[in-house]
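Heads up: the structure comes next, in C-alpha cells.
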Amino acid sequence: MTMNSIDIGTAAMTTPSRTTYTARSRLLRVVKDLLANPSSGFGFVVITILLVTALVAPWIAPYEPNMIDLGEALQPPSAGHLFGTDELGRDVLSRIIHGSRISLAIITIVSVIVGPLGLLVGTTAGYFGGWYDTVMMRITDIFLSFPSLILSLAFVAALGASLENAIIAIGLTAWPPIARLARAETLTFRNADYISASRMQGASRLRIIIKSIMPMCLPSVLVRVTLSMATVILTAAGLGFLGLGAQPPLPEWGAMIATGRRYMLDNWWLVAFPGGAILLVSLAFNLLGDGLRDALDPKQGH
C-alpha cells in the first residue's frame, strides 16, 4: 500500500467525523446564542419543558386524564388538585399535561408536511420560472388570500371532524408562506457564480436545486416554520374549540376550553389554565423564532 492510498483512506475516514463535529459545534453555537438572549432563552426553555412534559406525561401526571369522579366535580385548585377539576371530576392539570402530547404531535406532523412542501414548491418555482412559476405562485396566492383558520375550517368540513383531519387541514394551509419565502431566496441564488459553475459541470437542474439551492434556503425556512408553529397551535385550538378538531374525551387544550366555557363564570380555572398553556406555548414559539432568525442570520457576524 502506497503513502498516497494511506492518506486518501485517512481523509475518507476523518471527513465524516469532521462533518459531524462541525454540525455539532454550529448547533451548540446556535443554542448558546438563543440562551444569551433573555426572550429567545425563555422561548427555548418553555419549548424544552413542553418536549420533556410530552415525553414523560404518563409518569408525571398525578391522575389519569380521563378518570371520572363526579364526587370531585368542579373542585377549585387545591393541594389535591393543583389546577382544580372539571365538570366530570377529571383533574385539569393531568389533562393539560397529557394535552401537551397532542400539541406536540400536531406541531411535529405539520412541520414535516409544510417544511418540505413549501421548500420544494418555492425553490422549484424560483429556479424554473416561466409558466411553472406563474401557476405555482397563483395557487399560493389563492391559499394566502384566505385566513388560515377559515381555510382550515373549510377543509375540516369537507374531510370530517377529527384530530387527524384537523392536522391535514392545518398542513394544507400552512405551506404557502414558506413557499413564498423559499422562492424569494431562490431568486437571489439562481444566478450566483457557484450555480453557474454547477451548470457548466453538467449538473442536472434537480441536483442543483437539491444540493445547492435548498441548503441555502434552509435557515430562513427553519425560522419561518418555527414562527408558524404559534399559528398552528392557535388554529388547532380554534378547531378544537369549535368541535372540529380533537374529539372528547381527548384532552386537547382548545376542546378543554370549549367544554369549560359553560362553567367559566363560577369556575374560572376550567378555561384559565388551558388558555394559559396555549398562550405560553404560542409566545414561546414566537420568541424562539425571533431568536433563531438572529442566530442564523449571517449578517450578525457568525
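Below are the figures for this structure:
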read-out: Highest-MSF residue in the chain out of Ala125, Ala157, Ala179 [GNM, Cα springs under 10 Å]; value: Ala157
read-out: Shape of the range 199-302, Cα gyration tensor, a/c cut at 1.5; value: oblate
read-out: Cα centroid of the range 224-302 to Cα centroid of the range 121-197, whole Å; value: 23
read-out: √(5λ) per eigenvalue of the Cα gyration tensor, the range 61-116, largest first, Å; value: 31, 10, 8
read-out: Estimated translational D of the chain in µm²/s (Stokes, Kirkwood radius over Cα pairs; 10 °C; 1.306 mPa s); value: 73
read-out: Rounded to whole Hz, the Karplus (6.51, -1.76, 1.60) HN-Hα couplings of the range 174-184, x for glycine and proline; value: 9, 7, x, x, 5, 4, 4, 5, 5, 5, 4
read-out: Highest-MSF residue in the chain out of Val225, Val271, Val112 [GNM, Cα springs under 10 Å]; value: Val112
read-out: Between 0 and 90°, nearest 10: helix 269-296 axis offset from the chain longest Cα axis; value: 10
read-out: Net charge of Cβ neighbours under 15 Å - reference Gly130; Lys, Arg +1; Asp, Glu -1; value: +3
read-out: Neighbour net charge for Asp91 - beta-carbon separation under 14 angstrom, K R +1, D E -1; value: -3
read-out: Label-point separation in nm, Ala157 to Thr108, each point 7 Å along Cα→Cβ; value: 3.3
read-out: Around Val121: net Lys/Arg minus Asp/Glu count, Cβ-Cβ under 13 Å; value: 0
read-out: Taking only Cα atoms of the range 59-178, radius of gyration then Dmax in Å; value: 20.9, 68
read-out: Arg199-Thr134 FRET efficiency (beta carbon distance; Förster radius 25 Å; 0.05 resolution); value: 0.60
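Coordinate-derived values only; no laboratory data. Keep in mind that this is a model prediction, so the values were computed, not measured. Note that each Cβ is placed from the backbone with ideal geometry, even for glycine, and that neighbours are counted across all protein chains shown.
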